[in-house]
Amino acid sequence: MSGDQIAQALWLGLLLVALGGWFALQLRGHPGRTLQHLAVWALIFVGVAAGYGLWHDIRSDLAPVQTVLADGRIEIPRGRDGHFQAVAAVNGVPIRFVIDTGASDIVLSARDARKAGIDTGALVYLGQAQTANGTVATAPVVLDSLEIGPVTDRNLRAVVNGGEMEGSLLGMSWINRFAHVEIAGGRLILSR
């Protein structure tokens, strides 16, 4: 045993003696209440341990994530908000997108464009897009890469939205790169 292990064993022994002594005194004075408190703490401990053990399953139900299969197929679960959302690496930076069949292009919010290394101050907003919130100005850009797992597209045309936009969109110009698009069982399945 090393010196650190001996110190840890001594500390653990002192802690157990202190807790055991406190428990013995409490048991002597109020046995029913002490056993009740002990049962509550045991249930809390078991609940925390069970939650920790089930966290992976709980997390996948609360915030489902896309699955990329070896054959170039991407499966994206429907989110709790009813939309299909995916995380794609744009120029190597992870960006959350909504898959939007109502959008013609790949549309980046100004914030996501900056994250991906695009100088939004140098963009020229010549284009326009019709959105649910009205007409917005757009600036054309070329993305070096957009990756979801092993599926990589290079030199993609996209636009940066000049208006207020919460997130970014993967529109039809990206969806049309897939040979097969299917919605089944609450999942969007894209195959090349």
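Quick note: the coordinates plus some simple rules give every number you see, no bench work behind them. Since the model is a prediction, treat every value here as computed from it, not as a measurement. Please note: Cβ atoms are built from the backbone with ideal geometry, for glycine as well, and neighbour counts cover all protein chains shown.
Below are the figures for this structure:
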| read-out | value |
| --- | --- |
| Relative exposure of M1, M165, judged by other C-beta atoms within 10 Å (fewest first) | M1, M165 |
| All-pairs alpha carbon distance profile, the chain, 10 Å steps from 0, percent | 8, 25, 21, 11, 9, 13, 10, 2, 0 |
| Helix axis angle, 31-62 relative to the chain longest principal axis, alpha carbon, degrees | 20 degrees |
| Two-site FRET efficiency, A122 against F178, from Cβ-Cβ distance with R₀ of 35 Å, rounded to 0.05 | 0.60 |
| Positive-end residue of W11, T135, A113, charge dipole of the chain with Cβ unit charges | W11 |
| Per-selection metrics, the range 99-192 (Cα): Rg and Dmax in Å | 13.8, 44 |
| Surrounding net charge for S191, when Lys and Arg each add one and Asp and Glu each subtract one, Cβ distance under 13 Å | +1 |
| Rounded to 10°, Cα long-axis angle of helix 3-29 versus longest principal axis of the chain | 60 degrees |
| Equivalent-ellipsoid semi-axes of the range 3-62, from the Cα gyration tensor, Å, largest first | 30, 23, 4 |
